[in-house]
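The values are calculated or read from the model by the stated rules, or taken from the named source; none is laboratory data. Only a predicted model underlies this, so the values are computations on that prediction, with no experimental measurement involved. Every residue, glycine as well, gets a Cβ built from its backbone with ideal geometry; the counts of neighbours run over all protein chains shown. The accessibility values were calculated without ligands, DNA or RNA, using every heavy atom of the protein model including side chains. Shrake-Rupley method; radii C 1.70, N 1.55, O 1.52, S 1.80 Å.
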Amino acid sequence: MTVQSQLNNDAISKLSTVSQEIKESNSFDANQMINLVLREFNNSRIAFDDMTKAQKATFEANILSIFLHKNLGITANLINN
C-alpha cells in the first residue's frame, strides 16, 4: 500500500457512516464512492481537521446525499437518521 492510499484510507475513516457504507457496497459502487469522497475532501474550502463538529456532520451528510442522488447503494433511511 502506498503512502497516498494510506492517507486516503485515513481520511475516509474519519467519516464513520460514509466509511461503513463504502465497506457494505459492491466493488464498483465502493470505488465510485471512494473517488467521490476524496474529490469532496479536495474541493472543501476548509480542511476537515479544521472543521467544527457541526461542519463535519454537514460535510458527511452532504456526501451521503450525493451517494443517494447517484444511487450508489445507499438507502434514504440512512439520510434521515
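Kindly establish whether residue 45 is open to solvent by 40 Å² or more (accessible area, probe 1.4 Å), over 15 Å from residue 69 (Cα atoms) and in a loop (DSSP other than H, G, I, E, B). Criteria met by residue 45.
All of 65, 19 fail the test of being at pLDDT 90 or above, of a type in the set (Gly, Ala, Ser), in a helix (DSSP H, G or I) and in contact with a Ser or Thr (Cβ under 8 Å, 6 or more places away or on another chain), apart from 19.
Scanning the range 6-28 for residues that are open to solvent by 20 Å² or more (accessible area, probe 1.4 Å) and closer than 18 Å to residue 52 by Cα turns up 11, 13, 14, 16, 17. Applying the criterion of being of a type outside the set (A, V, I, L, M, F, W, C) and without any contact (Cβ under 8 Å) to a residue 40 or more places away in the chain to the residues of the range 29-42, the residue that is surrounded by the most Cβ atoms within 10 Å (Cβ to Cβ) is 40.
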